[in-house]
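This report refers to the structure that appears directly beneath it.
Please treat every number below as a calculation from the coordinates, not as lab data. What you are looking at is a predicted structure, and each value in this text was computed from that prediction instead of being measured. Cβ coordinates were reconstructed from backbone atoms using ideal geometry, including for glycine residues, and neighbour counts include every protein chain displayed.
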Amino acid sequence: MAKAVLGVIGGSGIYDLPGLENVREEHVKSPWGEPSGALRIGEIAGLPVIFLPRHDKGHRLSPSDINYRANIDALKRAGVTDLVSLSACGSFKEELPPGTFVLIDQFIDRTHKRESSFFGKGLVAHVSMAHPVSPQLRLRIDEAAGKENIPLARGGTYVCMEGPQFSTYAESITYKTLGYSVIGMTNMPEAKLAREAELCYATVAMVTDFDCWHSEHDAVTVQDIIAVLKENAEKAKRLVARLARDFPREHEPCPIGSDRALDTAILTAPEARDPALVAKLDAVAGRVLG
């Protein structure tokens, strides 16, 4: 079995990961462009942990400006096997108030400005996204939350909007009526790219507000959510520390095959593949491309 390496992407309010030991910062070069920032590479209780602030330190990048392909590629190059996304979000359900953590199991992609695949002209691949979250990784997070007494809602659908503006009232009511659980701006195409890179992926969606469908949240502002962001960030850091301490030191095969997603995904015949694209895919798809 391969050694487990836990990757953590920190969303709004999470720009560092206290508790990392033997830390070094590394600027990983990616053929897909510039990642959000330097990787913080260290360990927690002997487990290799790699942290990347999605928006960079100081929140330099908006959701639409993040290079999601470079981020996933850099984490893959650094050896990550299991990837946890910590993401601020709005809620569509009364039973998911601000401060709640939601262990997402489905996504709806409403983005339109982002590169959403490593593959394309010259090398075509279609990975399954029916079940976008690795169930074993979700279970590990659930167990860690229980040990830290962090309330966690199990299951839910995350709709990813383009942003950077918050929702209109009509959009918010529509998504609520459709039964979605939370809304955010960053987990797509991140989850799709993680699947293409054969990473086990899971999201901890951290609720900051009720979105504008709610009469008390009909004009959400950044100032309104900052205090909740800080409280959520402290809980998230405890959650990750516990997860890392208890995490298996050998990578557990994914029950749904997240870590072998490319086994049957590539359609382009070897003689028709673009050599330049193949070279860029050395980290993401090197296992199957040789």
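Sort His214, His59 by Cβ crowding within 10 Å, fewest neighbours at the top.
Details: His214 17, His59 13.
Lowest to highest Cβ neighbour count: His59, His214.
Just how large is the dipole of region 37-187 about the Cα centre, in debye to the nearest 20, putting +1 at every Lys and Arg Cβ and -1 at every Asp and Glu Cβ? Write down the numbers at each step before the final one.
Details: 17 positive and 15 negative charges, 74 e Å.
Charge dipole of region 37-187: 360 debye, to the nearest 20.
I'd like to know how the chain sits against the 2.2 N^0.38 Å rule of thumb: what's its Cα Rg over that expected value? Let's see the in-between values first.
Working: Rg = 18.3 Å, N = 290, 2.2 N^0.38 = 19.0 Å.
Normalised Rg, Cα atoms only: 0.96.
Given R₀ = 35 Å, what would the calculated FRET efficiency be for Ala227 paired with Leu139, taking r from the Cβ atoms and rounding to 0.05?
Working: r = 31 Å, r/R0 = 0.89.
The calculated FRET efficiency here is 0.65.
Of Pro151, Ala4, His214, whose Cα points farthest to the positive end of the dipole of the chain (charges on the beta-carbon: +1 Lys, Arg; -1 Asp, Glu; origin at the Cα centre)?
Ala4
Got a sec? Charge dipole of region 181-290, +1 on Cβ for Lys and Arg, -1 for Asp and Glu; which of Val288, Gln223, Thr203 is way out at the positive end?
About the Cα centre, the residue reaching furthest to the positive side is Val288.
Assigning unit charges at the beta carbon (Lys, Arg +1; Asp, Glu -1) and nothing else, what dipole magnitude in debye, to the nearest 20, does region 144-235 show about its Cα centre?
Values: 7 positive and 13 negative charges, 71 e Å.
Around 340 debye, computed over region 144-235.
In the neighborhood of Gly286, defined by Cβ-to-Cβ distances under 15 Å, what is the net charge if each Lys or Arg adds +1 and each Asp or Glu adds -1? Walk me through the intermediate numbers first.
On the way: positive: Lys76, Arg77, Arg260, Arg273, Lys280, Arg287; negative: Asp73, Glu196, Glu198, Asp259, Asp263, Asp282.
Local charge sum for Gly286: 0.
Per q in 0.14 1/Å, what log10 I(q)/I(0) does a Debye calculation on the alpha-carbon atoms of region 50-197 return?
Treating every Cα as an identical point scatterer, log10 I(q)/I(0) equals -0.74.
Given the Cα-Cα distance of Ala269 and Glu250 and 0.36 nm per residue of separation, how much length would full extension add, in nm?
On the way: separation 19, 0.36 × 19 = 6.84 nm, distance 3.39 nm.
Stretched out fully, the Ala269 to Glu250 stretch lengthens by 3.4 nm.
Placing unit charges on C-beta atoms (Lys and Arg positive, Asp and Glu negative, everything else neutral), compute the dipole magnitude of the chain about its Cα centre in debye, rounded to 20. Walk me through the numbers on the way to the answer.
Numbers: 33 positive and 38 negative charges, 114 e Å.
Around 540 debye, computed over the chain.
What helices does the chain have that are whole DSSP H segments, at least 27 Å long along their own axis by Cα, and with mean Kyte-Doolittle hydropathy of 1.0 or more?
Working: long enough: 222-246 (36 Å, -0.17).
Membrane-span-like by this rule: not one helix.
Arranged from highest to lowest average of other beta-carbon atoms within 10 Å per residue, in what order do the peptides 166-179, 41-54 appear?
41-54, 166-179
Hey, for a label at Arg110 modelled as a point 7 Å past Cα toward Cβ, could you say which residues of region 177-205 have their backbone N under 19 Å away?
177-192, 205
Kirkwood hydrodynamic radius, region 247-290, all distinct C-alpha pairs: what's the number in Å? Intermediate values should be presented prior to the final figure.
Values: mean 1/r = 0.0817 Å⁻¹.
Answer for region 247-290: a Kirkwood hydrodynamic radius of 12.2 Å.
How many percent of Cα pairs in region 120-214 exceed 18 Å? Before the final figure, lay out each step's value.
Numbers: 2515 of 4465 pairs.
Tail of the P(r) past 18 Å holds 56 percent of the pairs.
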